[in-house]
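Undergrad: Below are the structure tokens for one structure; questions will follow.
The values are calculated or read from the model by the stated rules, or taken from the named source; none is laboratory data. Everything quoted here is computed from the prediction, not taken from an experiment. So basically every Cβ, Gly included, is an ideal-geometry build from the backbone, and we count neighbours across all protein chains shown.
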Amino acid sequence: MCETCGCGESNSFSIRKPGETIENNPDHTHTHSHSHSHDGSEHTHNHSHSHTHDNNHERHHHLEDNDHAHHHHDYQHNHSHGTEIKVETDILQKNNLIAERNRGFFEAKNIFSLNLVSSPGSGKTSLLEKTIKDLKSDVSFYVIEGDQQTMNDANRIEATGAPVVQINTGNGCHLDAEMVNKAAKKLDVENNSVLFIENVGNLICPSLFDLGESKRIVIISVTEGEDKPIKYPTMFQSSDICIINKIDLLPYVDFNIEKAKEYALRINHNLQFFEVSVKTGEGMNDWYNWLKKHKC
Amino acid sequence: MHELSIAMNIVDIADEETKKANAKKVYEIELEIGTMSGVVLEALEFALQEAVKDSVLGNAKIKITEIQAKAKCLNCLNIFEIEDLYSPCPNCNEFKTEIISGKELIVKSLKVE
Ligand SMILES: Nc1nc2c(ncn2[C@@H]2O[C@H](COP(=O)(O)OP(=O)(O)OP(=O)(O)O)[C@@H](O)[C@H]2O)c(=O)[nH]1
Ligand SMILES: [Mg+2]
Ligand SMILES: [Zn+2]
């Protein structure tokens, strides 16, 4: 829900730097394109459509009340001579176009942008904190944080000294290309840097939304099930890198790393893995070398 | 619930096309959704009920055609229908496969007046 006006619009979001309040933030964005009034008497939905999953079956929504089936019929009849428009448009076209614009912008400025996706709590922010602390003398880092609520993650990043903005998505369960476009402008990312984009902790929704990133990184921790990849296949399919975190906990949990990797590779045979512990630093050097190699 | 974003995009596309055609409203919209598109059909249908309210799609009949996902085996080039993203080629058991259809999320056509 939007903290400014309490409108509850699911596509309103805010972009803030640490210390900034929403009230004086010019980038607080609302897209009030759809009304969501709930007048119970207005629509009765008829859910009588079939759910058999044969190849080309059609599903129909009849938004008219059952009692008005007659009108429905008339309505159809009256308009059967209307115009048909061949649209053939990708439903995600708007996001994809902005994502491509972001990609062009990042490429032109030689910004290596990474979209980090995972379940809540797998260690995305911890990974960024440690990476920035360890490499900041060699690499200039910028961070876009995505969470439904709070400035917590942005404040943690700010403490490392890297410039950061926080996107709060409210009800939204993923970042989209438009949010990243606005956030990157607000951050004023300089040339030849690394831009980390920490997505909202969610293994499903962010998978469909290209942000214009150079690479997508999915993180799982060994406290999650090793079958995560096959439970959330779309995310693993759309990622380039898989970081397995919290390997310091392997002695205490039943997590079979080889099995997890095998599952992930079944879905995406191009995935590249890093096994790390952000806590102990084990395995971090491989990740750093990869980052430094791709950065230039 | 990314299905709500998807539903709102559908409404936006319908809105734009309807304006372009100088039409007032849509009485039928046809969508194509791949079985491996990452969109759950039931959730999309539910989200659409909300998203179409007070829009050009308010009274439109929504036709959804599911596109069966198919993959091609990179070993034996066999083409087969898939129900998930992690099963091997039924012909040679190879896991290295490539999706060739089933990722569609498309507004196919509108009938407007
Ligand atoms: N034992 C252990 N704990 C870790 C490691 N990395 C992170 N943690 C802990 O895991 C918890 C969650 O870490 P975060 O970095 O906040 O995770 P996140 O993915 O950013 O979480 P969200 O932003 O809420 O989705 C914290 O308590 C961390 O201290 C690790 O390598 N080993
Ligand atoms: Mg975090
Ligand atoms: Zn085969």
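Undergrad: Confirm whether B:A43 is in a helix (DSSP H, G or I) and facing chain A (nearest Cβ under 10 Å). Talk me through it step by step, then tell me what you get.
TA: Working: in a helix (DSSP H, G or I): yes; facing chain A (nearest Cβ under 10 Å): no.
In short, no.
Undergrad: Residues that are out of contact with any His (no Cβ under 6 Å at 6 or more places or on another chain), in contact (Cβ under 8 Å) with a residue 40 or more places away in the chain and among the aliphatic types (A, V, I, L, M): does segment A:244-253 have at least one?
TA: Start the filter on segment A:244-253 by keeping residues that are out of contact with any His (no Cβ under 6 Å at 6 or more places or on another chain), which leaves A:244-253.
Next, only the ones that are in contact (Cβ under 8 Å) with a residue 40 or more places away in the chain stay: A:245-246.
Subset that is among the aliphatic types (A, V, I, L, M): none.
Taking every residue of segment A:244-253 in turn, none turns out to be out of contact with any His (no Cβ under 6 Å at 6 or more places or on another chain), in contact (Cβ under 8 Å) with a residue 40 or more places away in the chain and among the aliphatic types (A, V, I, L, M).
Undergrad: Pick out, from segment A:111-221, the helices (runs of 4 or more DSSP H) lying fully within it that include 3 or more residues that are aliphatic (A, V, I, L, M) and under 21 Å from A:N285 (Cα atoms). Working first, answer last.
TA: Numbers: elements: A:124-135, A:152-158, A:177-187.
Output list reads A:124-135.
Undergrad: Go over the candidates A:G225, A:G212 one by one and state the one that is at pLDDT below 95 and either basic (K, R) or over 11 Å from the mean Cα position of the chain (by Cα) (or both).
TA: On the way: A:G212 fails: at pLDDT below 95.
None of the others qualify; the one that does is A:G225.
Undergrad: At the interface with chain A (Cβ under 7 Å from one of its Cβ atoms), in contact (Cβ under 8 Å) with a residue 24 or more places away in the chain and over 19 Å from A:C205 (Cα atoms): which single residue out of B:A14, B:A21 fits that description?
TA: Values: B:A14 fails: at the interface with chain A (Cβ under 7 Å from one of its Cβ atoms).
Every option except B:A21 fails the conditions.
Undergrad: Read through the list (1) touching a Gly at 6+ places or on another chain (Cβ under 6 Å); (2) closer than 26 Å to A:R103 by Cα, then give the number of the only condition that A:P120 fails.
TA: Answer for A:P120: the failing condition is (2).
Undergrad: Here's something else I'd like to know. Any idea which of A:G123, A:G225 is more than 14 Å from every other protein chain (Cβ to nearest Cβ), closer than 30 Å to A:Y252 by Cβ and away from ligand 2 (no atom under 16 Å from the Cβ)? Write out each step before concluding.
TA: Working: A:G123 fails: away from ligand 2 (no atom under 16 Å from the Cβ).
When all the criteria are applied, what remains is A:G225.
Undergrad: Please determine, by comparing only the residues of segment B:56-65 that are outside any strand (DSSP E or B) and crowded, with 21+ Cβ neighbours inside 10 Å, which one is farthest from the chain's Cα centre (by Cα).
TA: First, the residues of segment B:56-65 that are outside any strand (DSSP E or B): B:56-60.
Still in the running and crowded, with 21+ Cβ neighbours inside 10 Å: B:56-57, B:60.
Working: B:V56: 19, B:L57: 17, B:A60: 17 Å.
The extreme case among them is B:V56.
Undergrad: May I pose another question? Among the residues that make up segment A:255-272, is at least one of them of a type in the set (K, R) and within 30 Å of A:R16 (Cβ to Cβ)?
TA: Within segment A:255-272, the first condition is being of a type in the set (K, R), and the residues that meet it are A:259, A:261, A:266.
Those still in the list that are within 30 Å of A:R16 (Cβ to Cβ) too: none.
Scanning segment A:255-272 turns up no residue that is of a type in the set (K, R) and within 30 Å of A:R16 (Cβ to Cβ).
Undergrad: Which of the residues belonging to segment A:254-278 are within 14 Å of ligand 1 (Cβ to nearest atom) and either in contact (Cβ under 8 Å) with a residue 60 or more places away in the chain or of a type in the set (F, W, Y) (or both)?
TA: Matches in segment A:254-278: A:F255, A:F274, A:V276, A:V278.
Undergrad: OK, next. Restricting attention to segment B:17-33, does a residue exist that is in a strand (DSSP E or B) and within 30 Å of B:F95 (Cα to Cα)? Steps first, please.
TA: Taking segment B:17-33 and keeping what is in a strand (DSSP E or B), we get B:26-33.
Checking the rest, the ones that are also within 30 Å of B:F95 (Cα to Cα) come to B:32-33.
Yes, segment B:17-33 contains at least one residue that is in a strand (DSSP E or B) and within 30 Å of B:F95 (Cα to Cα).
Undergrad: A follow-up question, please. Report, by residue number, each residue of segment A:249-283 that is in a loop (DSSP other than H, G, I, E, B) and within 14 Å of chain B (Cβ to nearest Cβ).
TA: Quick first cut of segment A:249-283, residues in a loop (DSSP other than H, G, I, E, B) only: A:253-256, A:268-271, A:276-283.
Answer for segment A:249-283, where residues must be in a loop (DSSP other than H, G, I, E, B) and within 14 Å of chain B (Cβ to nearest Cβ): A:N268, A:H269, A:N270, A:L271.
Undergrad: Okay, moving on. How do the strands (runs of 3 or more DSSP E) wholly within segment B:66-107 filter down when requiring 1 or more residues that are of a type in the set (S, T, N, Q), more than 9 Å from chain A (Cβ to nearest Cβ) and more than 8 Å from ligand 3 (Cβ to nearest atom): which remain? Spell out the reasoning first.
TA: On the way: elements: B:70-73, B:79-81, B:97-101.
In segment B:66-107, B:97-101 are the strands (runs of 3 or more DSSP E) which contain 1 or more residues that are of a type in the set (S, T, N, Q), more than 9 Å from chain A (Cβ to nearest Cβ) and more than 8 Å from ligand 3 (Cβ to nearest atom).
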